[in-house]
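Taking it in order: structure first as C-alpha cells, then the write-up.
The values are calculated or read from the model by the stated rules, or taken from the named source; none is laboratory data. Remember, it's a predicted structure, so these values are computed and weren't measured experimentally. Heads up, the Cβs are rebuilt from the backbone with ideal geometry, glycines too, and the neighbour counts pull from every protein chain shown. Just so you know, the surface numbers come from the protein's heavy atoms only, side chains and all, with ligands and any DNA or RNA stripped out. Shrake-Rupley method; radii C 1.70, N 1.55, O 1.52, S 1.80 Å.
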Amino acid sequence: MEESILSAIGHTPLVRLTRVLPGIRFSLFAKLEGFNPGGSAKDRPALHILQEAMRTGAIKPSTVVIESSSGNLGIGLAQACRYLGLRFICVVDPKTTAQNIRILRAYGAEIDLVSKPDPETGEFLQARIKRVQTLLHTIEDSVWTNQYANLANAEAHYRTTMDEIATELDGRIDCLFVATGTCGTLRGCAEYIRDYHLGTRIFAVDAHGSVIFGGKPAKRLIPGHGSARRPELYRADLADECLRVTDLDCVVGCRRLVQTEAILAGGSSGGVLRAVEQVKDRIPRGATCVAIFHDRGERYLDTVYSDEWVAEHFGDIAHLWQGQPELEPCVMATSHISGRDNRSSSHA
C-alpha cells in the first residue's frame with residue numbers, strides 16, 4: 001500500500017520484448033515509464049526537484065513554481081504541486097497538445113501561453129525560457145525548477161530509474177537505449193553506470209533536427225526527444241554513440257509496438273525501438289539490452305495513432321507496420337491468488 005500518489009512514482013515494469021524484432025540474437029527489455037502515476041518518466045525528476053528545493057528552503061509553502069514544458073515534465077510538476085499545495089505556472093507554446101493542456105488544468109496548473117517564437121532564434125523553446133525569466137521578475141517568491149540545468153533532474157534517474165534496472169538485471173546490462181531531451185535521464189543513467197562500473201554501452205537516441213549532439217535545428221512534429229538548444233545537463237561523454245531517428249521512425253516504431261507487443265507507448269518510444277533496430281546486427285549474441293520507453297501512448301492518439309494525421313504528414317505508409325510477421329497464439333499461465341492459495345503454497 002502506498003502512502004500517497006507521489007509515493008507510487010517509480011518501480012515501473014521491466015518487460016521483455018519477444019515479438020517486435022523477430023530473430024534478434026540478444027535479449028531486449030523495455031522499461032515502461034508510462035506506468036508512473038503522471039504517465040511518464042518525468043514524474044521522477046518532477047518530484048525529486050521539488051523535494052530538494054523544499055529541503056534547502058528554496059521552495060516554501062508560499063512559493064510559486066514556474067517551468068517551461070510542452071508536456072510530461074509540466075504534468076509531473078502539476079501533479080506533485082497539487083498534492084503538495086503549491087501554486088504552479090506552466091509556460092507552454094502552440095505546439096503543446098490540447099490534451100496536455102487539459103491535463104495540466106485538471107491538476108490545477110495555470111497555463112501561460114507563448115504565442116510567438118523567439119525573434120532571434122525562431123524557436124518556441126527560447127521564447128518560453130524568456131517568458132519564465134519575465135515571470136520570475138514579476139512574481140514575488142517564485143522559483144524556476146529549470147529541468148534543463150537542474151542536477152536534481154539527473155539525480156532522480158541515478159537514484160531510481162537506473163538503480164531499478166540494474167537491480168532487476170543484477171547489473172548485467174550490455175546496452176542501454178535512452179531518448180534525449182533535457183539529458184536528465186541520459187546523465188543520471190550514465191553516471192550510475194560509470195560509478196558502478198557496469199560496462200554498459202550507452203546509446204543516446206536523438207531526433208533529426210535536434211541540436212543536442214550537433215547539427216542544425218529543423219522542424220519536428222513529435223515531442224518528447226530532441227531539443228532546439230543544448231541543455232546545461234549535457235556532457236560530451238554521456239553516451240558512447242548517438243543514434244538519430246525521424247518523426248516517421250517514431251510513428252512506425254509505435255505502431256509496430258502496439259501491433260506485436262500490445263504496448264501503447266509514446267512517440268519517443270517508437271524512436272527508441274527504431275534506434276535499436278538500426279544497430280541490432282552489431283549487438284553481440286546473448287547480450288542484454290534495455291530500452292527506456294518514456295511515456296504511454298494515450299497522449300498521442302490524435303497524432304501517432306491517428307490514421308488521418310499520419311496520412312496527412314507521411315502519406316500512405318501503413319504497410320510499414322502491417323507487414324509484421326503473423327504472431328503465434330500465446331497461451332499464458334495465470335495464477336489465481338487468494339489467502340487460501342498463499343497459505344497452501346507456504347506449506348508446500
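Things worth noting here:
- Lone qualifier among D240, D247, D281 - being among the acidic types (D, E) and within 14 Å of I202 (Cα to Cα): D240
- Qualifying residue in segment 253-267 (condition: crowded, with 24+ Cβ neighbours inside 10 Å, of a type in the set (S, T, Y) and at pLDDT 95 or above): no
- Top-ranked residue of segment 311-321 - restricted to ones that are free of Cβ contacts under 8 Å to residues at least 24 places away in the same chain and not in a loop (DSSP other than H, G, I, E, B), ranked as least open to solvent (accessible area, probe 1.4 Å): A311
- Flag for T134 being β-branched (V, I, T) and either modelled with pLDDT under 95 or open to solvent by 40 Å² or more (accessible area, probe 1.4 Å) (or both): yes
Okay, residues lined up against (1) within 20 Å of L273 (Cα to Cα); (2) of a type outside the set (S, T, Y); (3) open to solvent by 10 Å² or more (accessible area, probe 1.4 Å); (4) free of Cβ contacts under 8 Å to residues at least 12 places away in the same chain:
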residue: S142; (1), (2), (3), (4): no, no, yes, no
residue: T145; (1), (2), (3), (4): no, no, no, no
residue: Y148; (1), (2), (3), (4): no, no, yes, no
residue: D163; (1), (2), (3), (4): no, yes, yes, no
residue: V178; (1), (2), (3), (4): yes, yes, no, no
residue: E191; (1), (2), (3), (4): no, yes, yes, no
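- Filtered residues of segment 96-117 (kept if more than 23 Å from S62 (Cα to Cα), in contact with a helix residue (DSSP H, G or I) (Cβ under 8 Å, 6 or more places away or on another chain) and either of a type in the set (D, E) or surrounded by fewer than 13 Cβ atoms within 10 Å (Cβ to Cβ) (or both)): K116
- Test: residue in segment 118-130 that is part of a helix (DSSP H, G or I) and open to solvent by 40 Å² or more (accessible area, probe 1.4 Å): yes
- Screening segment 1-41 for residues that are open to solvent by less than 30 Å² (accessible area, probe 1.4 Å), assigned to a strand (DSSP E or B) and not hydrophobic (A, V, I, L, M, F, W, C) and picking the one that is farthest from H225 (Cα to Cα) gives S27.
- For segment 213-246, a residue qualifies if it is buried (at least 22 other Cβ atoms within 10 Å of the Cβ), at pLDDT 95 or above and either among the charged types (D, E, K, R) or over 15 Å from F177 (Cβ atoms) (or both), and exactly one does: L233.
- Where a residue in segment 269-295 is over 11 Å from G253 (Cα atoms) and its partner, wherever it lies, is among the polar types (S, T, N, Q) and open to solvent by less than 10 Å² (accessible area, probe 1.4 Å), with Cβ under 6 Å and at least six apart: F293/S269; H294/S40; H294/S268; D295/S40
- Matching residues, segment 251-310, being within 22 Å of D174 (Cβ to Cβ), of a type outside the set (A, V, I, L, M) and not in a helix (DSSP H, G or I): E261, P284, R285, G286, T288, C289, F293, H294
- Test: residue in segment 69-87 that is assigned to a strand (DSSP E or B) and open to solvent by 10 Å² or more (accessible area, probe 1.4 Å): yes
- When segment 150-161 is filtered for residues that are touching a residue at least 40 places away in the same chain (Cβ under 8 Å), crowded, with 19+ Cβ neighbours inside 10 Å and farther than 17 Å from I59 by Cα, the ones remaining, listed by number, are A154, E155, A156, H157, T160, T161.
- Flag if D170 is assigned to a loop (DSSP other than H, G, I, E, B), farther than 30 Å from G122 by Cα and open to solvent by 60 Å² or more (accessible area, probe 1.4 Å): yes
- If the condition is being among the small types (G, A, S) and under 15 Å from the mean Cα position of the chain (by Cα), then segment 254-274 contributes A265, G266, G267, S268, S269, G270, G271.
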